[in-house]
Amino acid sequence: MKTSALISTDQALKLVNEENAIILDATIDKVNQKMDNSQLDLLPNSLFFDIEGVFSDHTSKFPHTMVSADKFTQEAQKLGINQDSTIIVYDRWGIYSSPRAWWMFRYMGLNNVYVLNGGEPAWKAAGLPIVHSYGEVRGIGNFKAEEHYEWFISKEELIERIGDDDMTITDARSSGRFHGSVPEPREGLRSGHIPHSKNLPFDLVIDGITYQDEMELQKLYDGKIDAAKQNIFTCGSGISAAIIALGAFQLGTDYITIYDGSWSEWGADPDTPIEKN
């Protein structure tokens with residue numbers, strides 16, 4: 001496979017029947033919109049990658065907090081994932097939570113993971129088979145997670161490094177939330193953004209159900225990322241940050257980092273610096 005993190009329906013169709021392929025539905029509800037689960041429309045042989053449930057640390061007071069390597073190992077093995085597995089991840093919105101699953105696997109050391117561009121809606125639009133129930137796990141896998149810390153940054157490290165010339169910070173929230181002109185949807189959070197960060201609302205990088213083409217992505221990311229620096233992405237709770245992180249990766253930016261706590265953590269701490277310009 002090419003180094004792209006995105007694959008088309010045609011490319012996915014060639015991969016899904018390979019012996020080491022694992023197809024994962026990583027759908028979660030959006031902040032103000034719930035997925036209709038009364039009838040599941042899925043790619044054949046899909047398994048559920050439960051971001052909200054088993055792949056979030058529920059001991060944390062912040063949503064979607066990354067689990068430990070041991071927990072990730074345990075749950076990934078339950079899905080039959082091996083060290084040599086090829087992961088095809090999608091969501092039923094098109095593009096929303098699947099990039100988060102992509103980032104989680106990359107952070108935990110599995111590089112052979114791809115996001116289906118357009119997700120289940122693109123698969124269905126291509127006239128490809130749809131099923132209404134999840135597949136069977138083939139057996140316990142042997143994947144062992146190993147954290148690659150360059151993909152992850154904590155609040156404490158980010159505070160220490162704010163203003164450094166060797167990094168960029170890009171925020172995926174809406175312009176109103178970034179500039180503090182509208183209130184945060186989560187109660188108790190201040191308004192504004194992390195100092196020295198720039199705004200790239202995640203919905204701008206999506207064209208309907210798929211990512212924008214490369215030319216449009218180049219325009220959107222111009223002046224926000226730098227291939228020679230560490231590029232840090234943040235949002236409200238770590239989901240949409242992964243959307244713009246994957247977009248940067250598509251443009252050849254290898255040094256990708258997500259601030260997992262994002263504004264849910266930063267905006268709740270009265271001692272963290274904020275800007276509203």
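The values are calculated or read from the model by the stated rules, or taken from the named source; none is laboratory data. All values derive from a computational prediction rather than experimental measurement. In this analysis, Cβ positions are derived from the backbone assuming ideal geometry, glycine residues included, and neighbour counts consider all displayed protein chains.
Name the residue, out of D70, D50, D41, D91, that is of a type outside the set (G, A, S) and over 23 Å from H132 (Cα atoms).
Working: D50 fails: over 23 Å from H132 (Cα atoms); D41 fails: over 23 Å from H132 (Cα atoms); D91 fails: over 23 Å from H132 (Cα atoms).
Unique residue meeting the criteria: D70.
Determine whether region 225-244 contains at least one residue that is part of a loop (DSSP other than H, G, I, E, B), more than 25 Å from F152 (Cβ to Cβ) and touching a residue at least 24 places away in the same chain (Cβ under 8 Å).
The initial filter retains those residues of region 225-244 that are part of a loop (DSSP other than H, G, I, E, B), namely 225-229, 235-239.
Narrowing the set further to residues that are more than 25 Å from F152 (Cβ to Cβ) leaves none.
Among the residues of region 225-244, not one is part of a loop (DSSP other than H, G, I, E, B), more than 25 Å from F152 (Cβ to Cβ) and touching a residue at least 24 places away in the same chain (Cβ under 8 Å), which makes the answer no.
Which one of these does E265 not meet: (1) under 13 Å from the mean Cα position of the chain (by Cα); (2) in a helix (DSSP H, G or I); (3) surrounded by fewer than 24 Cβ atoms within 10 Å (Cβ to Cβ)?
The number of the failed condition is (1).
Just for region 77-93: of the residues that are in a strand (DSSP E or B) and over 13 Å from the mean Cα position of the chain (by Cα), which one is farthest from S46 (Cα to Cα)? Show your work before the answer.
Initial filter on region 77-93 (in a strand (DSSP E or B)): 86-91.
Within this subset, residues satisfying the condition of being over 13 Å from the mean Cα position of the chain (by Cα) are 86-88.
Working: T86: 13, I87: 11, I88: 9 Å.
Looking at residues that are in a strand (DSSP E or B) and over 13 Å from the mean Cα position of the chain (by Cα), I get T86.
Of the numbered conditions (1) closer than 26 Å to Y90 by Cα; (2) crowded, with 23+ Cβ neighbours inside 10 Å; (3) of a type outside the set (F, W, Y), D213 fails exactly one; give the number of that condition.
It is condition (2) that D213 fails.
Looking at G252, is it outside any loop (DSSP other than H, G, I, E, B) and either under 16 Å from S98 (Cβ atoms) or not β-branched (V, I, T) (or both)?
Working: outside any loop (DSSP other than H, G, I, E, B): no; either under 16 Å from S98 (Cβ atoms) or not β-branched (V, I, T) (or both): yes.
It is false that G252 is outside any loop (DSSP other than H, G, I, E, B) and either under 16 Å from S98 (Cβ atoms) or not β-branched (V, I, T) (or both).
What are the pairs, 6+ residues apart or on separate chains, where a residue within region 151-171 that is under 14 Å from A245 (Cα atoms) has its Cβ under 7 Å from a residue that is crowded, with 20+ Cβ neighbours inside 10 Å and of a type in the set (F, W, Y)?
Close Cβ pairs (under 7 Å, with a partner that is crowded, with 20+ Cβ neighbours inside 10 Å and of a type in the set (F, W, Y)) amount to W151/W103; W151/Y107; F152/Y107; I153/Y259; T170/F233; D171/F178.
Among the residues of region 195-203, is any of a type outside the set (F, W, Y), in contact (Cβ under 8 Å) with a residue 60 or more places away in the chain, surrounded by fewer than 17 Cβ atoms within 10 Å (Cβ to Cβ) and at negative phi?
Within region 195-203 (the criterion being of a type outside the set (F, W, Y), in contact (Cβ under 8 Å) with a residue 60 or more places away in the chain, surrounded by fewer than 17 Cβ atoms within 10 Å (Cβ to Cβ) and at negative phi), the answer is yes, since at least one residue qualifies.
For region 122-151, give me each residue that is of a type in the set (A, V, I, L, M) and in a loop (DSSP other than H, G, I, E, B). Before you say what the answer is, go through the steps one by one.
Applying the first criterion (of a type in the set (A, V, I, L, M)) to region 122-151 yields 122, 125-126, 128, 130-131, 137, 140, 145.
Passing the criteria: A126, L128, I130, V137, I140, A145.
Does G236 satisfy being more than 21 Å from V115 (Cα to Cα) and surrounded by 22 or more Cβ atoms within 10 Å (Cβ to Cβ)? Explain how you work it out, then say what you get.
Working: more than 21 Å from V115 (Cα to Cα): yes; surrounded by 22 or more Cβ atoms within 10 Å (Cβ to Cβ): yes.
Here the answer is yes, as G236 does meet what is asked.
Return the only residue of G139, G127, G94 being surrounded by 13 or more Cβ atoms within 10 Å (Cβ to Cβ) and at pLDDT 95 or above. Outline the logic, then answer.
Working: G139 fails: surrounded by 13 or more Cβ atoms within 10 Å (Cβ to Cβ); G127 fails: surrounded by 13 or more Cβ atoms within 10 Å (Cβ to Cβ).
Checking each option against the conditions leaves just G94.
Go through region 152-179 and count every residue that is assigned to a loop (DSSP other than H, G, I, E, B) and farther than 20 Å from I239 by Cα. It would help to see each step written out before you state the result.
Our first condition is that a residue be assigned to a loop (DSSP other than H, G, I, E, B); within region 152-179, this holds for 154, 162-166, 172-174.
Now restrict to residues that are farther than 20 Å from I239 by Cα: 162-166.
Number satisfying all stated conditions: 5.
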